[in-house]
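Let me begin by presenting the structure, written as structure tokens, before commenting on it.
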């Protein structure tokens, strides 16, 4: 009988230790302790900062994810940015004019261009779309005549 009681008590202890945090837990907290007051791990895009969760982009502008223990380095950047170094995210359009998205590891190539621009076959430039130019000229002509 005592063995069964001990097993039930142990199961209850394990369940309470792994229970989800309550709604009063700090925002973006994934796991908590000390009665839900202290955050021990955060949701993606956040890191533990003094038992609460801080956004990765608070420390490094446009950082989307960072190591759980610190916001001092970045592992991935927000859309439209690439990881230039572990401590900086650089705009895709700063290396290729009118580039909207680029591979996470490099700004040397472009994945998609801004609206109205066409990606070159080698993915190294975005040029004003001739279709957009024709549409613009047709609009101007219609307004003038």
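In terms of other Cβ atoms within 10 Å, 123, 106 run from fewest to most in the order 106, 123. Shape descriptor for region 30-126: Rg over Rh equals 1.16 (Cα atoms; Rh from the Kirkwood inverse mean 1/r).
Here, each number is a calculation from the coordinates, and none is a lab measurement. Since the structure is predicted, the reported quantities are computational estimates derived from the model, not experimental observations. Reconstructed Cβ throughout: ideal geometry from the backbone, glycine too, with neighbour counts over all protein chains shown.
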